[in-house]
Amino acid sequence: MPVLLRALTARPNFDLHGGGFGARRSLAGSGRIAMNPTSGDELFSDPDWNAPLDADGLIARMPRDSTVRGIFFQNAVEQVRRKQKQDPFGREYYKLLSYPSFELAQVLCKASEILHPDLPLRQGLRRLGRSVFPALRETAAGTFLFSVAGKNVRSAFKLTSRAYELFSSHGKAEVGAVEDDAVYIELRNIWTFPDSYHLGIFEGALAAYETPGRIQVQRLSDCDVDLCVRLG
C-alpha cells in the first residue's frame, strides 16, 4: 500500500459532519475570531494583488527543514514545459517524494514569471495555485480522501486539515465554522505564499466542484493566514 494511503487508513477518527479529520482540534478552543463569523467578518478583506511581494526575503526566512510533496513541483514544472517545450529547472520531481519548501517557492516564482509575465507576482502565484487541487485529487491518496466528500464542496473543505497533513511536513490547516454561505479556514506555518498560491488552491477547489464563490483573507504573518471562503 502506498505510504500516503497507509497514512490515511491509519487514522480512522473521521467525522465528516463534525469537521472531518480536522475535527481533532477545533478552532473553538483556540479563541480564534474565525469561529464567530458574524462578529469577525470585518477582519477579512479582498487580497491586494498588486501589493509588493519580497519573494527573495521570504525564501531566505523559510525554515530549511520544512518540506512539501513533489506533486506541487510537478504541477508547476509541467505547465512551464508545455509552454516552453523545454525544462528551465533542470531537475525531476517525483510526486510522492518530499522536497524543501524554499525550493518550491523558488520554482513557483520562476514558473509564475514564465507563465504569467504580464501579471503581478501575487496574481501569477494565484493562477498556479488554481491548477493544484485537480492534480491532488487525481493522486491515489487524494482520490481516497476526497471520495468521501462526493460532490459537496463543503464536505471537501472539511477535509482540508487532513490534506495538509498528507502533503506538507510543517504546514497546518484547521477548518473553523462551515456555514451555508461561508467556510472559515486557518492556515499556519504555510511558507509557500499562503495568501496567493494557497488561496488559488482553494479557488481551484471551488471551480472543481462548480461552486461560485470568492475568498477573502486576514493576513497575520508571512506564513499565517485566515481565509473566509464565501459561497454563492
**Asked** Between A60 and S98, 0.36 nm times their residue separation minus their Cα-Cα distance comes to what?
**Response** 11.7 nm
**Item:** E179 long-range amide H proximity, modeled H, under 5 Å
**Value:** Y184
**Request:** Give, in whole angstrom and from largest to smallest, the semi-axes √(5λ) of the equivalent ellipsoid of segment 94-232, with λ running over the eigenvalues of the Cα gyration tensor.
**Result:** 22, 18, 15
**Antiparallel content of DSSP bridges confined to segment 77-230, in %, to 5** = 100
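Each value in this text was obtained by applying a stated rule to the coordinates, not by laboratory testing. Note that the structure is a prediction, hence the values are computed from the model and not measured.
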